[in-house]
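Before any comments, here is the structure.
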Amino acid sequence: MEAQRRGDSARIVGLYRYPVKGLSPEPLAEVTLEAGGTFPWDRAFAIENGKHDFDPENPKHFPKIKFLMLMRDERLARLKTRFDDATTTLHIALDGKEMLAANLMSDDGRRALEGFMARYMEKELRGTPRVVHAPGFSHSDAPAKLVSIINMASVRALEEKVGRHIHPLRFRGNIYVEGLAPFEDHDWVGRRFTMGDTRFKGVHKTVRCAATNVDPDTGARDMEIPQTLMRHWGHSDLGLYAEIESPGTLRPGDRIVPDA
């Protein structure tokens, strides 16, 4: 009953998407979701680092190490990006100066992003970078189409162990929530719950990797998040992956109600 009361008081406090895997998040004022889908344009693009074997005609999931990504390539965190849905244009800024505006649904735009990354990430590349995309496909770390939920109380519990502030965006979630007990969301694996007017089912806990060690503002690799979780809780999980079971629209402030 106590967990039910906490869940009833829980609310969404932030919504984010990541149009290009490994690049910066975008806050959203609202998001319209479809059953069995992801956030629109979330991880819609990725940048191959090495072998070019992603087939847009037959897309399949690859491990994150195939692409440019924060776990290994922390310099990416210094790039601040914005994606315009209407023009499918990615804007990249570095130190407050716009460096690139490229329509990622055009060949010229993808080549422009590839050229930028060839210069900016020259030392980290294992081959020519290649921007990849397939309609409806998400280059998420999860093979299935899921959304990532971050419990802010878990982040604060981790802060107490670390002894310093932890930027919540280190965890690259889609939905940030308040009003739960630390790690309470882990108990929702296999359970159904409602956020706003949208129904979800918890699928599995989120295992954290070394990408969370990177400060999303500076790109500095300055923490040991997975090791700290393991040392104090005996696991390296923080957050929940969930499946969208019904369509709906989410906004910050929407209540979160788990099934009884």
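Quick note: the coordinates plus some simple rules give every number you see, no bench work behind them. The structure presented is a predicted model; accordingly, all values stated were derived computationally and were not measured. Here the Cβ is made from the backbone with ideal geometry for all residues, glycine too, and neighbour counts use every protein chain on show.
When the helix-only estimate is applied to the chain (DSSP H runs of n ≥ 4, each -39,500 (n - 2.57), divided by the residue count), what is the mean residue ellipticity at 222 nm, nearest 500 deg cm²/dmol? Before the final figure, lay out each step's value.
On the way: 4 runs with 42 residues, N = 260.
The per-residue figure over the chain is -5000 deg cm²/dmol.
Which entries in K64/K97; K145/K205; K161/K201 show an alpha-carbon gap greater than 19 Å? Show your work: numbers first, answer last.
On the way: K64/K97 28 Å; K145/K205 15 Å; K161/K201 30 Å.
Cα-Cα > 19 Å for K64/K97; K161/K201; rest within.
Quote to one decimal, in nm, the extra length available between D197 and A210 on full extension: 0.36 nm per residue of separation minus the C-alpha distance between them. Mind dumping the intermediate values first?
Details: separation 13, 0.36 × 13 = 4.68 nm, distance 3.43 nm.
That pair, D197 and A210, stretches by 1.2 nm at full extension.
Using Cα pairs under 8 angstrom and six or more residues apart, how large is the relative contact order of the chain, in percent? Display every interim value, and only then the final one.
Numbers: 587 pairs, mean separation 74.3, N = 260.
29 percent.
Looking only at segment 166-187, which residues have a backbone nitrogen under 15 Å from a spot 7 Å from the Cα of H232 in the C-beta direction?
166-168, 182-184
Please give the helix 152-162 orientation as an angle from the longest Cα principal axis of the chain, in degrees from 0 to 90, rounded to the nearest 10.
The angle comes out near 80 degrees.
What length, rounded to one decimal in nm, is gained on full extension from D84 through to A29, with 0.36 nm per residue of separation minus their alpha-carbon distance? Display every interim value, and only then the final one.
Numbers: separation 55, 0.36 × 55 = 19.80 nm, distance 1.43 nm.
Full-extension gain reported as 18.4 nm.
Test of the criteria: in segment 1-86, which trypsin sites (Lys or Arg not before Pro) are in a DSSP loop and have at most 12 other Cβ atoms within 10 angstrom of their Cβ? Spell out each step's value before the answer.
On the way: sites: R5, R6, R11, R17, K21, R43, K51, K60, K64, K66, R72, R75, R78, K80, R82; in loops: K21, R43, K51, K60, R72.
In loop regions of segment 1-86 (DSSP not H, G, I, E or B), the sparsely surrounded trypsin sites (Lys or Arg not before Pro) are K51, K60.
Say we join alpha carbon atoms closer than 10 Å with springs in a Gaussian network model of the chain; which of H133, H91, H165 then has the biggest fluctuation?
It is H165.
Give me the percent relative contact order of segment 43-133, please, defined on Cα pairs under 8 angstrom at least 6 residues apart.
On the way: 121 pairs, mean separation 31.1, N = 91.
Dividing the mean separation by the residue count of segment 43-133 yields 34 percent.
Around A44, with a cut-off of 10 angstrom between Cβ atoms, what is the net charge of the other residues, counting Lys and Arg +1 and Asp and Glu -1?
Values: positive: R17, K21, R43; negative: D42.
Local charge sum for A44: +2.
Would you please calculate the Kirkwood hydrodynamic radius of the chain over all C-alpha pairs and express it in Å, rounded to one decimal? Provide the component values of the computation, followed by the final result.
Working: mean 1/r = 0.0529 Å⁻¹.
After inverting the mean inverse Cα-Cα distance, the result is 18.9 Å.
Within straight cross-link reach of K60, meaning Cα distance under 14 Å, which aspartates and glutamates are found once same-chain residues fewer than 8 apart are removed?
E48, D141
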